[in-house]
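Enquirer: Please read through the structure below; I'll follow up with questions.
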Amino acid sequence: MTTSNQPPEPHHPSTEGAVPNETSYVHSGVNPGAYGAVATGIELSTTFTMESPGVAGRYDYARAQNPTREALEDALRATENAANAQAWSSGLAAIDAVIRLTAAGRHVVIGNDAYGGTWRLLEKVWGRLGLRTVVVDTGDQVALEAALDGAGLLLLETPTNPMLRVTSIRRAADAAHAAGAVCAVDNTFATSWLQQPLDHGADISIHSATKYIGGHSDVVGGATMTRDAELGRHLAFLQKAAGAVPGPFDCFLMLRGLRTLPLRVERASANAARIAAALARDPRVAKVHYPGLDDHPDRAIVDTQMRLPGAMLSIELADEATARAIATRTRVFSLAESLGAVESLIEHPASMTHASVNGSALEVPASLLRLSVGIENVEDLLADLDRALD
Ligand SMILES: *Cc1c(COP(=O)(O)O)cnc(C)c1O
């Protein structure tokens with residue numbers, strides 16, 4: 001047991017340079033504290049004593065860094081073998097920080113099937129400050145290269161939300177770099193277990209930790225991982241300077257969720273694949289959007305950059321009224337926004353998650369339902385959908 005007044009060094013397992021696996025998810029980011037704990041404790045102190053004026057120990061003030069957040073950031077860094085990781089108070093706080101990296105006079109490029117909140121932040125908040133956003137189909141390489149001319153940042157989503165289109169991260173990152181832009185990938189849908197954007201040339205991987213990292217619908221948070229240490233330091237500076245940091249309780253919940261991410265994502269993806277295949281054969285469903293289906297337009301890219309096609313899918317029904325009715329009839333799938341947790345959710349993007357993009361280039365079909373498949377018994381999920389479709 002440590003008797004000095006110096007905090008023990010957080011324990012960094014030997015994941016440096018290693019391919020992240022189930023072992024690193026379980027063991028990285030464990031801070032044993034003063035008593036050799038195997039689960040990281042929640043350190044609430046907002047300030048830490050200094051040795052002498054201006055000479056801090058490991059921590060000084062909790063907005064800059066805190067032991068619980070640092071343990072989470074160590075664990076996040078290991079999941080994508082990144083140089084650096086930062087935890088944020090929400091996914092949008094993470095995206096906002098990344099937007100702040102854009103050089104003055106340059107614009108931001110986003111896909112035409114992007115998270116509605118990202119579009120709202122760029123259009124309604126940053127747009128007022130003069131930052132321009134160009135919307136493009138990121139799967140169209142010629143259009144993407146044209147949109148990137150003069151850009152400072154490409155904010156790529158793959159798979160997209162809610163249409164589940166997949167863009168080659170390598171090709172998009174190369175195009176961004178040729179234009180002198182930073183390439184950030186919103187990796188929320190895929191998760192770090194299924195997709196490693198930094199390995200495919202992206203500079204930054206972004207997560208809404210509210211989704212798969214937390215995994216239990218009980219914490220709002222965000223994460224960024226960077227390939228380059230300098231970019232990571234810039235984001236860490238933004239944590240301190242702009243302050244969108246998560247509290248210690250939230251960091252604890254994100255850390256706890258992260259440890260089981262591979263297990264949860266694999267089970268949920270297996271369930272989603274079964275459900276997508278069943279719905280693709282069902283005459284009551286007009287179209288199934290799932291990157292794991294053989295007739296998915298981007299299937300070839302999926303195989304080059306994703307371990308599995310994931311646990312998100314969307315379906316088109318005959319019309320909006322049918323879609324709305326089905327969304328209220330499921331019993332195992334809960335009608336709710338969000339995704340990525342142990343329980344299955346169903347939602348109507350046009351009136352819920354994507355209501356803010358109606359009338360824009362990002363508008364989604366009103367006959368569409370989005371499913372976030374959880375880790376329940378797949379037969380129960382199939383029976384629930386079968387009943388709701390009747
Ligand atoms: C939910 C979500 C966000 C926003 O994250 P919050 O934690 O809700 O702020 C960003 N991107 C994607 C793809 C999301 O699903």
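The values are calculated or read from the model by the stated rules, or taken from the named source; none is laboratory data. Remember, predicted model here, so these are calculated numbers, not experimental data. All Cβ positions, glycine included, derive from the backbone under ideal geometry; neighbour counts span all protein chains shown.
Enquirer: Can you find a residue that is in a loop (DSSP other than H, G, I, E, B) and either acidic (Asp, Glu) or within 14 Å of the ligand (Cβ to nearest atom) (or both) anywhere in the range 320-332?
Expert: From the range 320-332, those in a loop (DSSP other than H, G, I, E, B) are 330-332; that's our starting set.
Next, from what is left, pick out any that are either acidic (Asp, Glu) or within 14 Å of the ligand (Cβ to nearest atom) (or both): none.
No, there is no match, as no residue in the range 320-332 is in a loop (DSSP other than H, G, I, E, B) and either acidic (Asp, Glu) or within 14 Å of the ligand (Cβ to nearest atom) (or both).
Enquirer: Moving to a separate point now. Taking ILE99, is it free of Cβ contacts under 8 Å to residues at least 60 places away in the same chain and crowded, with 24+ Cβ neighbours inside 10 Å? I'd like the intermediate steps shown before the answer.
Expert: Details: free of Cβ contacts under 8 Å to residues at least 60 places away in the same chain: yes; crowded, with 24+ Cβ neighbours inside 10 Å: no.
No; evaluated as a whole, the condition is false for this residue.
Enquirer: Going by the conditions given, is ARG128 within 23 Å of SER360 (Cβ to Cβ), away from the ligand (no atom under 12 Å from the Cβ), of a type in the set (Lys, Arg) and at pLDDT 95 or above?
Expert: Values: within 23 Å of SER360 (Cβ to Cβ): yes; away from the ligand (no atom under 12 Å from the Cβ): yes; of a type in the set (Lys, Arg): yes; at pLDDT 95 or above: yes.
Criteria met by ARG128.
Enquirer: Can you find even one residue in the range 89-111 that is among the polar types (S, T, N, Q) and assigned to a helix (DSSP H, G or I)?
Expert: Scanning the range 89-111 turns up no residue that is among the polar types (S, T, N, Q) and assigned to a helix (DSSP H, G or I).
Enquirer: In the range 255-270, is there at least one residue being buried (at least 17 other Cβ atoms within 10 Å of the Cβ), within 15 Å of ILE346 (Cβ to Cβ) and not basic (Lys, Arg)?
Expert: Checked the range 255-270: at least one residue is buried (at least 17 other Cβ atoms within 10 Å of the Cβ), within 15 Å of ILE346 (Cβ to Cβ) and not basic (Lys, Arg).
Enquirer: Quickly run through the range 338-363 and pick out the residues that are modelled with pLDDT of 95 or more, assigned to a loop (DSSP other than H, G, I, E, B) and among the charged types (D, E, K, R).
Expert: Of everything in the range 338-363, just one residue is modelled with pLDDT of 95 or more, assigned to a loop (DSSP other than H, G, I, E, B) and among the charged types (D, E, K, R), namely GLU343.
Enquirer: So which residues in the range 198-212 are more than 10 Å from the ligand (Cβ to nearest atom), of a type in the set (A, V, I, L, M) and not in a strand (DSSP E or B), if there are any at all? Step through it out loud before you land on a result.
Expert: Initially, the range 198-212 is screened for residues more than 10 Å from the ligand (Cβ to nearest atom), giving 198-205.
If we keep only those that are of a type in the set (A, V, I, L, M) too, we end up with 198, 202, 204.
Correct list: LEU198, ALA202.
Enquirer: Which of the residues that make up the range 214-230 are buried (at least 24 other Cβ atoms within 10 Å of the Cβ), assigned to a loop (DSSP other than H, G, I, E, B) and within 10 Å of the ligand (Cβ to nearest atom)?
Expert: Looking only at the range 214-230, we keep the residues that are buried (at least 24 other Cβ atoms within 10 Å of the Cβ), and these are 214-215, 221-226.
Of the ones still in play, those that are also assigned to a loop (DSSP other than H, G, I, E, B) are 214-215, 221.
Once the filter is applied, which keeps residues that are buried (at least 24 other Cβ atoms within 10 Å of the Cβ), assigned to a loop (DSSP other than H, G, I, E, B) and within 10 Å of the ligand (Cβ to nearest atom), the range 214-230 yields GLY214, GLY221.
Enquirer: Please name all residue pairs, on different chains or six or more residues apart, with Cβ atoms under 6 Å, provided the first residue is in the range 36-48 and is of a type in the set (S, T, N, Q) and the second residue is part of a loop (DSSP other than H, G, I, E, B).
Expert: THR40/VAL30; THR40/ASN31; THR46/ALA62
Enquirer: Restricting the first residue to the range 214-227 and requiring it to be within 17 Å of LEU238 (Cα to Cα), which pairs with a second residue that is among the aromatic types (Phe, Trp, Tyr) and within 9 Å of the ligand (Cβ to nearest atom) meet a Cβ separation below 6 Å and a spacing of at least six or different chains?
Expert: GLY222/TRP88
Enquirer: Counting only residues that are surrounded by fewer than 17 Cβ atoms within 10 Å (Cβ to Cβ) and touching a residue at least 60 places away in the same chain (Cβ under 8 Å), how many does the range 121-143 have?
Expert: 0
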